């Protein structure tokens, strides 16, 4: 049974979300509504988080094993983003788990335990995830200063062990964006749990 579950989690990026096509490189950040940040307890518009060189969005959650495995890299990613004048936020779009694992209270507690120093936003009805075509937790979308998508996919090539990472895709993309250089790898395969979204 465990092997079947792992297979389904790994397969999740290829599950059909035909009604929610994934943003393409060069697409503009979709319109968005204000969302509650559980870290600051303030309402936030995602595009207001854009800094001079861009904006990084990671669709995340509290309990997905892929998020838990990659989460030790969130502080590193935040530091690199800050150093390169790039905004950063986590988005929780798990509408179907809003009572329970991904409730506002659970999100707030998770942010405190993990010592989040960046916004963690509630996408109440999965509207942002649906407009992005976000599929998994985590799923990365990096925009430039004009809010054009320049990278999407995974954080790196080894969610199991940070010390065994050979290609830190997101780090490379953030640093290239900060320097005004072309991003060598613009798209990688996202891997994670499917977003428990609202679809209607």
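The values are calculated or read from the model by the stated rules, or taken from the named source; none is laboratory data. Treat the numbers as computed from the prediction; the structure is a model and nothing was measured. When we count neighbours, we look across all protein chains shown, and the Cβ atoms used for this are built from the backbone with ideal geometry, even at glycine.
At a glance:
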| item | result |
| --- | --- |
| In the stretch 96-114, the residues that are loosely packed, with under 14 Cβ neighbours inside 10 Å and farther than 23 Å from residue 199 by Cα | 105, 109, 112, 113 |
| Filter pass, residue 123 being touching a residue at least 40 places away in the same chain (Cβ under 8 Å), surrounded by fewer than 21 Cβ atoms within 10 Å (Cβ to Cβ) and touching a helix residue (DSSP H, G or I) at 6+ places or on another chain (Cβ under 8 Å) | no |
| Yes/no for residue 12 being surrounded by 12 or more Cβ atoms within 10 Å (Cβ to Cβ), modelled with pLDDT under 95 and in contact with a strand residue (DSSP E or B) (Cβ under 9 Å, 6 or more places away or on another chain) | yes |
| Residue 131, sole failed condition from (1) farther than 20 Å from residue 70 by Cα; (2) under 14 Å from the mean Cα position of the chain (by Cα); (3) buried (at least 19 other Cβ atoms within 10 Å of the Cβ) | (3) |
| Residue 162 vs. criteria in contact with a helix residue (DSSP H, G or I) (Cβ under 8 Å, 6 or more places away or on another chain) and modelled with pLDDT under 95 | yes |
| Boolean, residue 144 is crowded, with 16+ Cβ neighbours inside 10 Å and farther than 23 Å from residue 31 by Cα | no |
| Index of the failed condition, residue 83 passing every other in (1) under 18 Å from residue 174 (Cα atoms); (2) in contact with a strand residue (DSSP E or B) (Cβ under 9 Å, 6 or more places away or on another chain) | (2) |
| Residue 69, sole failed condition from (1) surrounded by fewer than 19 Cβ atoms within 10 Å (Cβ to Cβ); (2) under 15 Å from residue 136 (Cβ atoms); (3) touching a strand residue (DSSP E or B) at 6+ places or on another chain (Cβ under 9 Å) | (3) |
